[in-house]
Amino acid sequence: MSSLCNVDSSKFSEPLPWIGLYIAGASFLCSLLMGLDTFLGFRSRKLWFPCRFFSLNATSLTLLSVATKLPVDLNTSMPRAQDQLTKLSGTVLICTVMGNFMTSLGTMDGSEMMANIVALGILVVTVIINIGIQMGTDVIYVFLPEHAVIMFLMFVLLVMLCSTAIMIPPAKNLLKEQYFQKRSSDEELRKCDEKLRKHVEKHWMIAHTSSPQYVVGRSATCTASGVFCLLGGLILLQATVRSFIMRSLAFCDSKSDYTWSITLVLISQAIAIGVGTIAPVIRLFNVISFRSPKGKFKVEKYWVQKLVEWKQSPLPFHFSSRGLRKISHFSRNQILNVFMGMQYAVVIVSKLIRLSLSGLSCCCKRLGRFESGSNESLRGHVLHLDGEEDLVQLIMTNGYEDTEHWIRRGKNNPPKYFKRLLMKFTVLQGFQGVVDFNSSEVALLGPEEPSQNCWALPIVTLTSIAIAIAPPSFGKDVILLRCGVHESLKYIRLIEEKLDDRRLINMREAADIFWLDVDTNDRWFGEDLKKLALEKSADRILEELARRMERYVLGYTTSREKENDPRDWPAKVLAANSMYKICRTILLRKLGNADRMFTWVQKTIADIVGACLTNLPRVIYMKCICCAMESKEESVRDAAYLLGETEEILIKLEIGSYPDYKEHIDSWISSDTEEQRLLPSSSNNNSSSCIAVSLPTTRSPPAQPHLRHYTSCTPISGQIHKRKSILQQNRGNPAMKSNTPPFHVRTQP
């Protein structure tokens, strides 16, 4: 028993240097994450510095508790200057982090916000109590005034966080009301004469100004917190100067058990404080530069609205005794009255701090001269709260610059291969391939064969066929086609995700699965497509693929596992059925050699992609309006970037706003079939004219951009008007009217 009690206590402190290294690593990670948020804020010109990497959550709080272990260490001796400074730097780091956390409150709902603030409050209170104990036990024997001020700053910043959290839900509701009012009054944006770029700019301004993090970032409490963060950093700086440069303080000569790791902790925390102070301070200077020096001290309704609602609501628990109910209500109301008084005080002090710094506004305006440019027509689309009238110009300038920034970024990264593929075929010849890729003369493999198509699967299937039949001399064309299809699938997936209301999930999944194998391995169902191109003729390749896919589909459709709804068929079966039908369609066309086949497949792919792209303006519009407020800014930003990427293509293809019935590939096929049925065959027998009939949305050659539905090589307008009258007569027939799409005739002047 006595041997068990002979414990060498000197070994207890051996791990402490490594613990110090762990603390230094956590502090450095905090500085890295805050630095990333600051860098992204500058890069995207968002000078309220939204939190993306370092927001208030369980992970960041755990990291902060590790980084601030030394201030809560009650009994480890800290004799040297750097030891005592680490006690101070840990508490200053908490102040800095709280200033950075402020904007992240805007992204949280009520319960999440309360849980995170309570957890942070527990950490702050624990640190304050432990620092007080160490000051009483002489573990902290220098920098006592500095510690007292920092403890006060920590408490004030915690109160400001709570004050901001109370303001956020009512502010969000007010901005939502403004947003829906603005949206209802701007329904004319959907009209065809509204330029898509203008539409994106207006919705970006609405989304930008109603962004929850931006609302918090320009609030009085958030901007004033920058002063307390800066004050904490200056206190640490002066303590460091007094310790190492002026040497005006006396320290003990012994060493801490943390030994060499203390220096690393001090350096990493100093870096974190310096980096973390940038965002809160710039938020402050950015706002006061646009504030009127005659600032108002009015506390707006939304600051206390939540407290008023709590005061007016019934108690969450029930007492049978009337006296207890009266006491409970009275006590609750008195407590809330105290909180309301504190809320008024916090807001007024925050506004007073901003007003006292208004003398720096001239300097800040010079600093902010790079934020030039705004569009006064967007002023009516700026959403702001009461008391923010002075900030409208700042908000408008930032918002306009952000829109132009993302559109420019999209223009600088256009889909070059996709553009070359479209320009090579579609501009000159229209979208006729969207009808030709799937012939109705191909024998069906069963009565329950899929009757609907998605956009992506025919494109993937045709690309696989192109790789399989391409002659060796078409190597560069295959590379161009592969790269163009790879870029186009990004837009096709987006369009189908937004517009697919027919539950073609398995078919879209089949396109993604098989494109991955084709793009990376040149394989379809395990078959090496390039090897096929070298060993067999094009007709034989298509024949073998069609037979193999036919056997695979029939094997499934005759089995017991077959799903009744073709939309629920497995991805492999849907891909095999698509390959079978397209191979048979190409063989029925009797195109001849591989060169002509490859060119036809290229043209058909470009036509399908171009036809699908006619839905892109509608998708951009939907991304601007169809999302929650918390994610609206990101959605409209993506729409602006998408517009920048594709604006030149949309202009060259003359793609504007198209009817809803063209959103699916089957709509193009059915509308073309209906129009061919309405036109009498005799009108095509006149050899003296060269009138070309195409789809309602096919493009005409660039030399005749005004012609969309008919093009005429000679001025034979009589025949065109004859066809127009036939179509009008057919539409007047009730039997012909139900499924006939709008059809317009334009003649050459």
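Across region 30-56, what is the total count of residues that are crowded, with 17+ Cβ neighbours inside 10 Å and part of a helix (DSSP H, G or I)?
The qualifying residues number 8.
Cβ contacts < 6 Å: first residue assigned by TED's automatic domain parsing to the domain that holds residue 610, restricted to region 452-481; second residue among the hydrophobic types (A, V, I, L, M, F, W, C) and outside any helix (DSSP H, G or I), any location; separation 6+ or different chain. Result?
From region 452-481, the pairs are 454/504; 458/437; 464/524; 478/470.
Kindly indicate whether residue 86 is of a type in the set (Ser, Thr, Tyr), in a helix (DSSP H, G or I) and surrounded by fewer than 17 Cβ atoms within 10 Å (Cβ to Cβ). Before you say what the answer is, go through the steps one by one.
On the way: of a type in the set (Ser, Thr, Tyr): yes; in a helix (DSSP H, G or I): yes; surrounded by fewer than 17 Cβ atoms within 10 Å (Cβ to Cβ): no.
It is false that residue 86 is of a type in the set (Ser, Thr, Tyr), in a helix (DSSP H, G or I) and surrounded by fewer than 17 Cβ atoms within 10 Å (Cβ to Cβ).
Do we find that residue 526 is at pLDDT below 90, small (Gly, Ala, Ser) and either surrounded by fewer than 23 Cβ atoms within 10 Å (Cβ to Cβ) or in the same structural domain as residue 420 (by TED's automatic domain parsing) (or both) in this structure?
On the way: at pLDDT below 90: yes; small (Gly, Ala, Ser): yes; either surrounded by fewer than 23 Cβ atoms within 10 Å (Cβ to Cβ) or in the same structural domain as residue 420 (by TED's automatic domain parsing) (or both): yes.
Yes: the conditions hold for residue 526.
Does residue 219 satisfy the criteria of being more than 14 Å from residue 167 (Cα to Cα) and buried (at least 16 other Cβ atoms within 10 Å of the Cβ)?
Working: more than 14 Å from residue 167 (Cα to Cα): no; buried (at least 16 other Cβ atoms within 10 Å of the Cβ): yes.
No; evaluated as a whole, the condition is false for this residue.
Are there any pairs, at least 6 apart or on different chains, whose C-beta atoms fall under 6 Å, with the first in region 67-92 and under 23 Å from residue 32 (Cβ atoms) and the second hydroxyl-bearing (Ser, Thr, Tyr), and if so, which?
Cβ pairs passing all conditions: 67/27; 70/86; 71/91; 82/263; 90/68.
Yes or no, residue by residue, for (1) of a type outside the set (Gly, Ala, Ser); (2) over 25 Å from residue 138 (Cβ atoms):
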| position | (1), (2) |
| --- | --- |
| 38 | yes, yes |
| 44 | no, yes |
| 58 | no, yes |
| 75 | yes, no |
| 81 | no, no |
| 84 | yes, no |
| 116 | yes, yes |
| 119 | no, yes |
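Check 229, 222 and return the single one that is assigned to a helix (DSSP H, G or I) and either under 30 Å from residue 639 (Cβ atoms) or without any contact (Cβ under 8 Å) to a residue 60 or more places away in the chain (or both). I'd like the intermediate steps shown before the answer.
Values: 229 fails: either under 30 Å from residue 639 (Cβ atoms) or without any contact (Cβ under 8 Å) to a residue 60 or more places away in the chain (or both).
Answer to the selection: 222.
In this structure, does residue 104 turn out to be closer than 30 Å to residue 259 by Cα and either in a loop (DSSP other than H, G, I, E, B) or modelled with pLDDT of 90 or more (or both)?
Numbers: closer than 30 Å to residue 259 by Cα: no; either in a loop (DSSP other than H, G, I, E, B) or modelled with pLDDT of 90 or more (or both): yes.
No, not satisfied.
The values are calculated or read from the model by the stated rules, or taken from the named source; none is laboratory data. Since this is a predicted model, take the numbers as computed values, not measurements. When we count neighbours, we look across all protein chains shown, and the Cβ atoms used for this are built from the backbone with ideal geometry, even at glycine.
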